[in-house]
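The next block holds one structure in the form of structure tokens; read it before the comments.
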Amino acid sequence: MPGHYRDVVTSSPLVVLPEVAAALADDRPVVALESTIVSHGLPRPENLRVARAVEQAVRAHGAVPATIAVLGGAVRVGLDDATLEEIAARDDVVKVSLRDLGTVVARGLPGATTVAATSHAASRVGIRVFATGGLGGVHREARDSWDESADLAALAQEPIVVVCSGVKSILDVPATLERLETLNVTVLGYGTDRFPGFYLSDSGAAVDWRVDSPDEVASIVRARDALGTPGGVVVAHPIPVDGQMDPDLHDRVLEEGLRLAHQKGVQGKAVTPFLLDHFHRSTGGRSLEVNTAIILGNAALAADIAVALSAA
Ligand code: PSU
Ligand code: MN
């Protein structure tokens, strides 16, 4: 059989970078990172700079980073620097939610994975911890649009710990918390009993459970594993108050963004990137600064949790 033919029939649509595979095989800590935030959530060229810095933050806290994206007909768990650069720079990268994953792989398109798709790919290869900025959730006006992020449904089924700063503040936070309860997703406030508000430290909503250390998170994850509790854990990690966006600026820009999205008829998967872009344009770089700080802080905490989990 010619070598290239054998490559085709034995090739897997899920490829793990050797450094990540080695860490998983040895039970060393690994942190998954999503790529939609790189392709659709942050403006160029800062997106590549931030993507590299986030991987560096994971390493500095003792874990191996595994950014996840789709390229060349495969989901790639762990990207080399050239691939990370490609995902950050190309104009034709598709935003890939869990339901799109198979289609984008089969068509050989370049794709950036959302929280939903990243959680799935990470869980498939045995990664337990994942860091991002803010989860998707229930959109304002969902009563009419039925727009609820597939992130919530994915977290109901994937056994992953997601470290985030709550859900994006462009969403309906109380409705999202209600849906997370219905879907049996565990929500833990890290160092707080308030649910964070992404760009803001406090969304105005409370959380039922507060944790104060990576070990505490690890003990909860172990108890859930032993009980066979399905689905994921959200570790809600707020940006410190002195680093948050000015709440008045936040509310003004958000109101304007929602009005613009409505006027322009922005719908479906374009809504989140549109509103994030509006923030980046309208706050003179402030939202980018805050967004970067959020992701770096979450990556560091996720690594600490991965270390605590692997030190069983
Ligand atoms: N958080 C950010 N920036 C982002 C996103 C989250 O700080 O760009 C992305 C994530 O990939 C998340 C997605 O899964 O937005 C949610 O999109 P939607 O609302 O269309 O489900
Ligand atoms: Mn949506």
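Structure above, values below:
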item	result
Added length on full extension, which subtracts the Cα-Cα distance from 0.36 nm per residue, residue 281 to residue 208	22.7 nm
Gain in span if fully extended, residue 259 to residue 182, counting 0.36 nm per residue against the direct Cα distance	24.7 nm
GNM flexibility winner over the chain from 270, 25, 122 (Cα, springs under 10 Å)	25
Under the span-like rule (Cα at least 18 Å along the axis, Kyte-Doolittle mean at least -1.0), DSSP H helices of the chain	46-60, 214-227, 247-263, 286-310
Under 5 Å, built H, 5+ apart or other chain: amide partners of residue 77	15, 16, 17
Positive minus negative residues near residue 109 (Lys, Arg vs Asp, Glu; Cβ under 12 Å)	+1
Student exercise, the stretch 1-102 dipole from Lys, Arg, Asp, Glu Cβ charges, in Debye to nearest 20	140 debye
Within a Gaussian network of the chain (alpha carbon springs, distance under 10 Å), most fluctuating of 35, 145, 287	145
Per-residue HN-Hα couplings for the stretch 206-211 [Karplus 6.51, -1.76, 1.60; θ = phi - 60°; Hz; x = Gly/Pro]	9, 10, 6, 10, 10, 10
Cα Rg over Rh - the stretch 5-310, Kirkwood	0.94
Fluctuation leader among 227, 254, 177 - the chain, Gaussian network, Cα springs under 10 angstrom	227
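None of the figures in this text is laboratory data; all of them are computed from the coordinates on show. Not measured: the values here are computed from a predicted model. Ideal geometry is used to build each Cβ from the backbone, glycine not excepted, and the neighbour counts take in all protein chains shown.
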